[in-house]
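Chemist: Handing you a structure now.
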Amino acid sequence: RDSAKASDLYGKAAAQFEAVQSKHGRRPNAEINAANGLCAAYTGLERFDQAITICERVTQDPRRIDSNGSVWFNLATSYLAKKQGKKARTAIGEYNRIRKTEARGVMLLGDSYFLDREWQSALDNYLRAEKALRPNQTHEQVQLSIRLGKTYRRLPPPPGGGNGNLQLALEKLAAGMNANPGNAELAVELAGAYIEAGQDAK
């Protein structure tokens with residue numbers, strides 16, 4: 001998703017899978033593989049309505065689901081993009097059942113709770129994902145840092161005075177900003193957190 005070539009590559013993949021489906025649709029294995037591929041390609045192209053249609057069709061028959069369960073991840077991603085948090089949680093629950101140790105599934109579950117403004121549940125899942133990350137998953141670490149920062153910012157101050165959550169938000173968002181200096185959405189989020197913390201100059 002972060003590559004400048006991603007959209008072009010997803011488009012080429014979709015065209016190839018559509019060709020397979022058109023020419024070899026009567027061959028069971030070809031049709032199943034093409035459907036799983038189109039589910040992923042349409043999600044990557046952000047053609048979420050099409051993705052949901054074909055991903056749902058795949059999940060209706062367990063024999064059509066690939067062994068990695070990626071159709072569930074793509075379906076959940078598409079549901080989230082269409083603001084359907086509960087449906088996303090159902091789909092990501094299936095993915096996490098298959099890929100129990102995969103951090104990105106737990107992160108996506110956190111995203112579904114964030115969408116529904118259930119901040120504590122979002123935080124709990126992001127922290128679970130943080131523990132599951134592998135050392136070589138640097139991109140995921142940056143993305144998770146941003147999510148944690150946004151969530152900490154929305155949590156109420158803990159009892160006893162002070163706002164440790166806001167300080168944690170600043171740390172996580174600043175780390176994300178260092179890794180994504182051109183991200184305007186992140187810049188606005190970090191700027192808002194600095195204002196809340198009384199650090200207007202920053």
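Chemist: Below 8 Å, C-alpha to C-alpha, sequence gap of six or more: please give me the relative contact order for the stretch 108-178 in percent.
Modeler: The normalised contact order for the stretch 108-178 reaches 27 percent.
Chemist: Okay, moving on. If I fit a long axis through the Cα atoms of helix 70-81 and take the longest principal axis of the Cα atoms of the chain, what angle between them do I get, 0 to 90°, rounded to 10?
Modeler: Taking Cα atoms only, the helix is inclined about 50 degrees.
Chemist: If you don't mind, another one. Using only Cα atoms, figure out Rg for the stretch 1-140 and give it as a multiple of 2.2 N^0.38 Å.
Modeler: Dividing the Cα Rg of the stretch 1-140 by 2.2 N^0.38 Å gives 1.08.
Chemist: Provide the FRET efficiency to the nearest 0.05 for the Glu56-Lys202 pair, computing r from the beta carbons and using R0 = 41 Å.
Modeler: Given R0 = 41 Å and the Cβ-Cβ separation, E is 0.35.
Chemist: Once you keep just the Cα pairs under 8 angstrom separated by 6 or more residues, what percentage relative contact order results for the chain?
Modeler: 10 percent
Chemist: Over the chain, with a Gaussian network built from C-alpha contacts below 10 Å, which listed residue (Asn136, Asn163, Asn183) shows the highest mean-square fluctuation?
Modeler: Asn136
Chemist: Please determine, in degrees from 0 to 90 and to the nearest 10, the orientation of helix 28-44 with respect to the longest principal axis defined by the Cα atoms of the chain, where the helix direction is its Cα long axis.
Modeler: Helix 28-44 sits roughly 30 degrees off the main axis of the chain.
Chemist: Also: How many angstrom lie between the C-alpha centres of the stretch 163-195 and the stretch 84-146?
Modeler: Answer, in whole Å: 20.
Chemist: Same structure, new question: Just Arg134, Arg26, Arg153 to compare: in a GNM of the chain, with alpha carbon springs under 10 Å, which one fluctuates most?
Modeler: Largest GNM mean-square fluctuation: Arg26.
Chemist: OK, next. Report Rg (one decimal) and Dmax (nearest whole number) for the stretch 3-56, counting Cα atoms only, units Å.
Modeler: 10.9, 35
Chemist: For the chain, take the longest principal axis of its alpha carbons; what is the angle in degrees between that and the long axis of helix 138-154, to the nearest 10 within 0 to 90?
Modeler: It works out to around 50 degrees.
Chemist: Roll a 1.4 angstrom probe over the protein heavy atoms and tell me the percent of accessible area of the chain that is carbon or sulfur.
Modeler: Exposed carbon and sulfur together represent 50 percent of the surface.
Chemist: Measuring with a 1.4 Å probe in the full set of protein chains, what accessible area per residue, in whole Å², belongs to the stretch 102-202?
Modeler: 53 Å²
The values are calculated or read from the model by the stated rules, or taken from the named source; none is laboratory data. In this text the structure is predicted, and so the values were computed from the model without any measurement. Positions of Cβ are generated from backbone atoms using ideal geometry, with glycine treated the same way; all protein chains shown enter the neighbour counts. Keep in mind that these areas ignore ligands, DNA and RNA; they rest on the heavy atoms of the full protein, side chains included. Shrake-Rupley method; radii C 1.70, N 1.55, O 1.52, S 1.80 Å.
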